[in-house]
Amino acid sequence: MEFVRITSVVTLCFGLLATAGSSLAQEAASKASKQQDDIPKSISESVSGPLQFAEGSFLGIAEAMPEDKYGFIPTVGKFDDARSFGEQVKHVACAQFAFFNEFEGKKPPDDCERGGHDPAKTKAELVKYLKDSFDYGNRVLATLTSKNALDRVEGRYAGPNTKLGISVIAVFHMTDHYGQLVEYLRMNGIVPPASRQKSD
C-alpha cells in the first residue's frame with residue numbers, strides 16, 4: 001500500500017513537472033516569436049524605427065517647454081551665437097524637410113541653419129511645422145529599399161551621400177539637437193518627458 005502511495009505521488013510530480021515544462025516552453029516560444037516580429041523586415045523599417053523614436057522624444061520636449069521660454073538661450077557658459085529653444089525646433093523641422101528633399105532629388109529649403117524661410121514663430125506654429133516635417137520624412141523614408149539604398153544623393157545638407165546615408169543622418173541630427181534641448185529644459189526646471197517616464 002505504501003509503495004502504491006509513493007508511486008502515485010511520484011507520478012503526480014512528474015505530471016506537474018511535464019505540464020510546467022510544456023507551459024514554460026510555450027511561453028518561451030511565444031516570447032521568441034514576438035521578438036522575431038519586432039525585428040525590422042526591410043531597410044526602411046530599420047531606419048524608421050529609430051527615427052520615429054527620436055521624433056517622439058523630440059516632439060515631447062518641444063511640447064514640454066512653455067511658449068514664453070521658446071526664446072530661451074543659456075547665458076552661463078559659452079553660448080555665443082547659440083540658437084534659442086524655438087530656433088532649434090525650427091532648425092530641426094527645416095533640416096528634416098531638407099534631408100528628405102535631397103533624398104527625393106528636390107531642392108531643399110535655404111538657410112536651415114536658422115530655420116529656413118517658413119513663417120512659423122509661435123510655439124503652436126513651430127510644433128505644427130515640426131510634425132509636418134516628421135510626416136513628410138516618414139513618407140519619403142517608406143520608399144527606401146535594398147535596390148535604391150545606395151543611390152547617390154546630392155545637396156548641401158549632408159551631401160553627397162546615399163539615400164540610406166542621408167536617412168541615418170536625419171536620425172543622428174535630431175538626436176544631437178534633442179540632447180541640446182534637454183539641457184535647455186532642465187535649465188528651466190523642467191524634467192524631459194522621457195526622463196519622467198523612466199523615473200515613474
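Distances longer than 16 Å among the Cα atoms of segment 55-107: what percent of all pairs is that?
54
Mind jotting down a quarter of the surface of the convex hull over the alpha carbons of segment 146-200, in square nanometres, one decimal?
With the hull built on Cα positions only, its mean projection is 5.5 nm².
Dipole magnitude of segment 76-135 about its Cα centre, charges +1 at Lys/Arg Cβ and -1 at Asp/Glu Cβ only, in debye to the nearest 20?
Charge dipole, segment 76-135, about its Cα centre: 220 debye, nearest 20.
Per residue, how much accessible area does segment 49-159 have with a 1.4 Å probe, in Å²?
Spelled out: the 1.4 Å probe surface of segment 49-159, per residue, equals 51 Å².
Could you pull out every residue, at least 5 positions away or on a different chain, whose amide H is within less than 5 Å of the one on Thr162? Hs are placed 1.01 Å off N in the peptide plane, and Pro or chain starts have none.
When sequence neighbours closer than 5 places are left aside, the close amide H contacts are Val153.
Tally up the carbon and sulfur contribution to the accessible surface of segment 32-134 as a whole percent, 1.4 Å probe, everything protein left in place.
About 55 percent, which is the carbon plus sulfur part of the accessible surface.
How much net charge surrounds Phe58 when only other residues with a Cβ under 15 Å from its Cβ are counted (Lys, Arg +1; Asp, Glu -1)?
Overall, the nearby charge balance is -2.
Quick one: work out Rg over Rh on the C-alpha atoms of segment 112-176, Rh as Kirkwood radius.
For segment 112-176, the value is 1.02.
Which value results when the Cα radius of gyration for segment 79-200 is divided by 2.2 N^0.38 Å?
1.13
The values are calculated or read from the model by the stated rules, or taken from the named source; none is laboratory data. Bear in mind the structure is a predicted one, so any value in this text is a computation, not a measurement. Reconstructed Cβ throughout: ideal geometry from the backbone, glycine too, with neighbour counts over all protein chains shown. To get the accessible areas, we keep the full protein, side chains included, count just its heavy atoms, and leave off ligands, DNA and RNA. Shrake-Rupley method; radii C 1.70, N 1.55, O 1.52, S 1.80 Å.
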